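The values are calculated or read from the model by the stated rules, or taken from the named source; none is laboratory data. The structure presented is a predicted model; accordingly, all values stated were derived computationally and were not measured. When we count neighbours, we look across all protein chains shown, and the Cβ atoms used for this are built from the backbone with ideal geometry, even at glycine.
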Amino acid sequence: MPALTAAKKSPRPAARPGRSAPELIFGDLWEFDPAPETADPKLKPRYDLFINGQFVAPKGGKYFDSINPANEQKLAEIALATPADVDAAYAAAQRAYDGVWGKMPGRERAKYLFRIARLLQDRAREFAVAETLDGGKPIKESRDFDVPMAAAHFFYHAGWADKLDYVAPGRSVAPLGVVGQVIPWNFPLLMCAWKIAPALAMGNTVVLKPAETTSITALKLAEIFQDAGLPPGVVNFVTGAGGVGAAVMNHPTPAKIAFTGSTEVGKIIMRGLAGTDKKMTMELGGKAANIVFDDAPLDQAVEGIVNGIFFNQGHVCCAGSRLLVQESVAEKVLAKLKNRIRTLRVGDPMDKNTDIGAINSREQLDRITKLVAAGVKEGNEMFQAACKLPAKGFYFRPTIFSGVSMSSRVAREEIFGPVLSVLTFRTVDEAIEKANNTAYGLSAGVWTDKGSRILKMSTELKAGVVWANTYNKFDPTSPFGGYKESGFGREGGRQGLLDYCKLV
Amino acid sequence: MLARSSRRSFQRLFDQVGPVDQIGIEERVAKYGTRSIKKGAKLWGLKTAVSMVDLTTLEGKDTPGKVASLCQKALRPHDDPAVPQVAAVCVYPAMVRHARRALGSDTAVRIASVATAFPSGQAPLKTRLAEVKAAVADGADEIDMVINRGAFLAGEFGLMQDEIAAVVAACGSATLKVILEVSELETYDNIRAASFLAMRVIRPGDFIKTSTGKTSLNATLGNNQVMLEAIRDFYLDSGIPIAMKPAGGIRTAKQSLTFLIAVKETLGDAWLNNARYRFGASSLLNDLLRQLEKESTGAYQAPYYFSEAAESY
């Protein structure tokens, strides 16, 4: 009979009395030298509005500064659109829809989308650097995720453009007309691609407002549209803050409104659109549960937790900001997590070795700081990595709250920063109940070695995406969107296309 | 009956040490490859890697002459005195006394010898132990043994551990390296489990090692990571530091730096030295020297500057 005799035979010495618990040393024995990305982002000192295929000065003549959150230096001036500019953009979009784009055969539209995708790939490094300078995310993320994924969305939807007869089996589809879109600052270029590619593939034309802190890559994308020969007016960019966004959302022209951003603003937009016949899709906030069972591969789960909450400084609507861990392994997971966080590199986003870059804006940094202070005041136990932060710029240490209860603010409110709240559970049912006990429902993660439990959890969790033994995985073919206050409508895949057409 | 009980013993072992997710661990190690090591950090990494090499020749055609030239290379890898000596030479037991003669007794370069019917281990235990004792008597400082993979795969963990314990006893004061032969264990779950079984019966400072270099798949970042994590968990649990040696397949300086980044970010600074981490390799050394030369002169030198064109050193 085979037997497990390990412990008995082991010559393991008895625990030495008086010695402290063994610890790992993550010190400076092998410090990495700076490894800055040096590609030229080719920024213009001033960016105008992009209307009817041309860069045009705003009618009000006003510009605002876009700064680099990593060092607070000014990068460029961005045009501040007026309501008259928004009118002009919508008029151009309507003309383009009626005159060219709406009537163009899908196979012809596909050629433009393919061209855009390829041009974006050609200039990938330049775009990655621009995205990192403007938004503060680490260069390795803009290089390995944002830019390639944006190109992938154009490629994917280019592929659909001549196959739209198969999007809705048994039905025919027709474009909606002009769509108005407002996107957030966390994935500026990628959100552009998510919004524009399906709209264009379907034959719609677009007026889009990027976030005020991150307009640069959208306007660089406009250069690509020019290079690709995209007919004037098919895509128009108007830049500015919330006022311009409201003008885009409430304009009478668009047949559909697509918004990605906070639940708070989403509600305001929906109030404004109540009573109109405009279609809407809303991709709003989240407070996702990342659920770790005791049989999970713990080191890989820890990696997924880190990826889930610290990816893009936690500025991710589907971030796994609530860690639910089974009580029997809670201590172990927390210890592993702390050791892992000690090796994360926080700092200059342009350094190729940086894991966590700069917070997008001072406003967001203040919000994170305030919520973390509230978390401390509530009596949650806080752990922060002891890393050095640059003297200038907006930075926040990776932070973990443990022993958090469901009623705590840090467990309920979306922080949108590198802050993780750790809660525990005992049974599968309790995990499901706690995970669903939130106003949001965008995403969730499940970590277990047991396949049947994954299937059960994915049917019971009220979340648009459930990742199993992984986290923050995206693909153009896979629909993304929420439940409850995380919004409605889907982006990506066949489902995403259906939100940009009418069935006839 | 046998099959069922072996399944049960595996189940119990996996429950104890925990599973490994293949996709997750391969994603983790892919991130090491994106680290960018420049300037001073690169020099430090390359020199440290040189000092961790177990310079190896394990061929049927090895001769005292070949081993002597290998030893010369180990003592003085390069003309530049700033380049350190390697950690050890690694030879078959019959070559140990020739290596000892070449190196002398007053040297920091250690002699490692594969023993226990390397690479298969398919000899009676008595024969394997006699081989270990003979190698130690001839002057080996370190013994690289192979585990009984057949026993492991049949779930006979006690037998596997008893044999390792017997080799520990036969080693005397020599350091032991336990080769898991990961390609024959096939899954990451098995590699993690076998690492724990081995670590429970060896001494602080002994090694676990990936492979013999004699099978199709040897050291990869993935199985290196599984074993580093096992070492870390075992250390935090028991306080016993176990050392690690990936072997086979690490041929370029860049690869070795990536392995060292894995060590830095998994086990930390205490493992970034040749008492705790080694590379079992032969052609790696010359690529490290070539890169070191390039760092100081800015140009790549021809292979014959590093005694590479010849089949031996």
- request: Scan the range A:118-145 residue by residue and report those that are surrounded by 23 or more Cβ atoms within 10 Å (Cβ to Cβ) and closer than 30 Å to A:PRO175 by Cβ.
  value: A:LEU120, A:PHE127, A:GLU131
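Residues are listed down the side, and each one gets a yes or a no for (1) closer than 26 Å to A:PHE32 by Cβ; (2) at pLDDT 95 or above; (3) surrounded by fewer than 18 Cβ atoms within 10 Å (Cβ to Cβ):
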position	(1), (2), (3)
B:TRP44	yes, yes, no
B:GLU59	no, no, yes
B:SER69	no, no, yes
B:LEU75	no, yes, yes
B:PRO84	yes, yes, yes
B:CYS90	no, yes, no
B:ALA102	no, yes, no
B:ALA108	no, yes, yes
query: Of all residues in the range B:270-309, how many are within 14 Å of chain A (Cβ to nearest Cβ), charged (D, E, K, R) and closer than 23 Å to B:MET227 by Cβ?
result: 1
field: the range A:226-245 residues that are at negative phi and not assigned by TED's automatic domain parsing to the domain that holds A:SER215, paired with ones that are in a loop (DSSP other than H, G, I, E, B) and polar (S, T, N, Q) (beta carbon under 6 Å, 6 or more apart)
entry: none
- line: Reported set for the range A:56-90 where residues are in contact with a Leu (Cβ under 7 Å, 6 or more places away or on another chain) and within 14 Å of A:PHE237 (Cα to Cα) is A:VAL56, A:PRO58, A:ALA79, A:ALA81, A:ASP85
task: For the range A:229-250, indicate whether the set of residues that are crowded, with 19+ Cβ neighbours inside 10 Å and within 18 Å of A:CYS317 (Cβ to Cβ) is non-empty.
output: yes
- prompt: Can you tell me which residues in the range A:157-172 are within 20 Å of A:ALA96 (Cα to Cα) and either of a type in the set (Phe, Trp, Tyr) or surrounded by 19 or more Cβ atoms within 10 Å (Cβ to Cβ) (or both)?
  reply: A:HIS157, A:ALA158, A:ALA161
- prompt: Which one is farthest from the other protein chains (Cβ to nearest Cβ) among residues in the range A:37-47 that are surrounded by 15 or more Cβ atoms within 10 Å (Cβ to Cβ) and either among the small types (Gly, Ala, Ser) or within 14 Å of A:ASP351 (Cα to Cα) (or both)?
  reply: A:ALA39
- prompt: Across the range A:294-340, what is the total count of residues that are within 14 Å of chain B (Cβ to nearest Cβ) and assigned to a loop (DSSP other than H, G, I, E, B)?
  reply: 4
message: Let me confirm something: among A:LEU200, A:LEU189, A:LEU221, A:LEU208, which residue is buried (at least 23 other Cβ atoms within 10 Å of the Cβ), in contact with an Asp or Glu (Cβ under 7 Å, 6 or more places away or on another chain) and either in contact (Cβ under 8 Å) with a residue 12 or more places away in the chain or among the β-branched types (Val, Ile, Thr) (or both)?
response: A:LEU189
- request: Name every residue in the range A:306-358 that is in contact (Cβ under 8 Å) with a residue 60 or more places away in the chain and polar (S, T, N, Q), in order of residue number.
  value: A:ASN307, A:ASN312, A:GLN313, A:SER321, A:GLN326, A:ASN339, A:THR343, A:ASN353, A:THR354
- prompt: Across the range B:1-21, what is the number of residues that are more than 7 Å from chain A (Cβ to nearest Cβ) and out of contact with any Asp or Glu (no Cβ under 9 Å at 6 or more places or on another chain)?
  reply: 8
message: Cβ-Cβ under 6 Å, sequence separation 6+ or interchain: first residue in the range A:20-36 and more than 8 Å from chain B (Cβ to nearest Cβ), partner surrounded by 13 or more Cβ atoms within 10 Å (Cβ to Cβ). Which pairs?
response: A:PRO36/A:MET350; A:PRO36/A:ASP351
task: Working only within the range A:370-403, note down all residues that are in contact with a Lys or Arg (Cβ under 8 Å, 6 or more places away or on another chain) and touching a residue at least 24 places away in the same chain (Cβ under 8 Å).
output: A:LEU371, A:ALA374, A:GLY375, A:GLU378, A:PHE383, A:ALA385, A:ALA386, A:CYS387, A:LEU389, A:PHE394, A:ILE400
statement: Per the list (1) within 30 Å of A:GLU331 (Cβ to Cβ); (2) in contact with a strand residue (DSSP E or B) (Cβ under 6 Å, 6 or more places away or on another chain); (3) assigned to a helix (DSSP H, G or I), residue check on B:LEU285 breaks on (1)
query: Which condition breaks for B:ILE23 when tested against (1) buried (at least 16 other Cβ atoms within 10 Å of the Cβ); (2) over 24 Å from the mean Cα position of the chain (by Cα); (3) among the aliphatic types (A, V, I, L, M)?
result: (1)
message: Please count how many residues of the range A:131-185 are assigned to a helix (DSSP H, G or I), in contact with a strand residue (DSSP E or B) (Cβ under 7 Å, 6 or more places away or on another chain) and either among the acidic types (Asp, Glu) or closer than 23 Å to A:MET280 by Cα (or both).
response: 2
task: Could you pull out every one of the strands (runs of 3 or more DSSP E) wholly within the range A:361-452 that has 2 or more residues that are over 27 Å from A:GLN73 (Cβ atoms) and over 25 Å from the mean Cα position of the chain (by Cα)?
output: A:381-384, A:419-425
- request: With the condition kept exactly as written, say whether any residue in the range A:416-436 is within 14 Å of chain B (Cβ to nearest Cβ) and not small (Gly, Ala, Ser).
  value: no
task: Kindly establish whether A:VAL376 is within 14 Å of chain B (Cβ to nearest Cβ) and not small (Gly, Ala, Ser).
output: no
- request: All but one of (1) under 26 Å from A:ALA174 (Cβ atoms); (2) over 28 Å from the mean Cα position of the chain (by Cα); (3) aliphatic (A, V, I, L, M) hold for A:ALA84, so report the exception by its number.
  value: (1)
- request: Would you mind listing the helices (runs of 4 or more DSSP H) fully within the range B:173-269 where at least 2 residues are buried (at least 24 other Cβ atoms within 10 Å of the Cβ) and away from every other protein chain (no Cβ under 14 Å)?
  value: none
- prompt: On the given criteria, is B:SER36 more than 10 Å from every other protein chain (Cβ to nearest Cβ), among the hydroxyl-bearing types (Ser, Thr, Tyr) and either touching a Phe, Trp or Tyr at 6+ places or on another chain (Cβ under 7 Å) or surrounded by 14 or more Cβ atoms within 10 Å (Cβ to Cβ) (or both)?
  reply: no
field: Elements of type helices (runs of 4 or more DSSP H) in the range B:1-76, at least 3 residues being free of Cβ contacts under 8 Å to residues at least 24 places away in the same chain
entry: B:2-17, B:22-32, B:39-51
